[in-house]
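The values are calculated or read from the model by the stated rules, or taken from the named source; none is laboratory data. Computed from a predicted model, the values in this text were never measured in an experiment. Quick reminder, even Gly has a Cβ in these numbers, built from the backbone with ideal geometry, and neighbours come from all protein chains shown. Areas reflect the complete protein model, heavy atoms only, side chains present, ligands, DNA and RNA absent. Shrake-Rupley method; radii C 1.70, N 1.55, O 1.52, S 1.80 Å.
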Amino acid sequence: VIWPRQMTIPRELALKTFPEGIRLMQQPIPKTHGFEIRAALDIGGAREAGWKLQFDDNAFVLIGYNAARHAVFVDRTHSGLVAFSRDFPARTSAPLPQTGKIIDFQILVDRNSAEVFAAGGRISLTNLIFPPAVVRCRAQFFSDGPVRRSSISTRSFNNINPSTLKGK
């Protein structure tokens, strides 16, 4: 297991038994800033589908499910400031066998992180991001084929104004 030294929000942890063994489940405890996206996806015949979180200055993060690889993913290769290290622009993923069921997503985004909880907390991905600003963010659905079902709802918290954090 690779530990990226990132866990920006408090979480409730629990152990749950699945056919393949005992797994650590994680659920976020509500935040006080940023925004939350709750989404559901039935991948259908698509190879890949999810949501494009579009920030200002054409920066974006892709979050979704890849049926060919059976994995939930976060792609931060175009998330804003990425050129400071050749290793930073990355697409991270975690295996999740497609069970034919709807996959639920809870996505929390703040000034410098995107945290994804999928399948009731069975999957948890945390990524640092450095968009030009998180004052505005638009979520747009994408798919490379027919999808049976997709839904999304958003909720804003008290956003942090990046200019108030200078020098702290």
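What net charge do the residues around I107 carry, taking every other residue with its C-beta under 10 Å from that of I107, with Lys and Arg at +1 and Asp and Glu at -1? Local charge sum for I107: -1. Taking amide H atoms as placed 1.01 Å from N in the peptide plane, the amide H of F142 lies under 5 Å from those of G50, W51, K52, each 5 or more residues away in sequence or on another chain. Of the whole protein surface, K16 contributes about 100 Å² of accessible area at a 1.4 Å probe radius.
Take the range 55-104 with all the other protein chains still there, run a 1.4 Å probe, and you get 54 Å² of accessible area per residue. Taking a ≥ b ≥ c as the square roots of the eigenvalues of the alpha carbon gyration tensor, the range 36-136 is prolate, as a/c is not under 1.5 and a/b beats b/c. Accessible area per residue was computed with a 1.4 Å probe on protein heavy atoms; I22 scores about 110 Å². Electrostatic tally near A40: other residues with Cβ closer than 11 Å to its Cβ, Lys and Arg +1, Asp and Glu -1, net +2.
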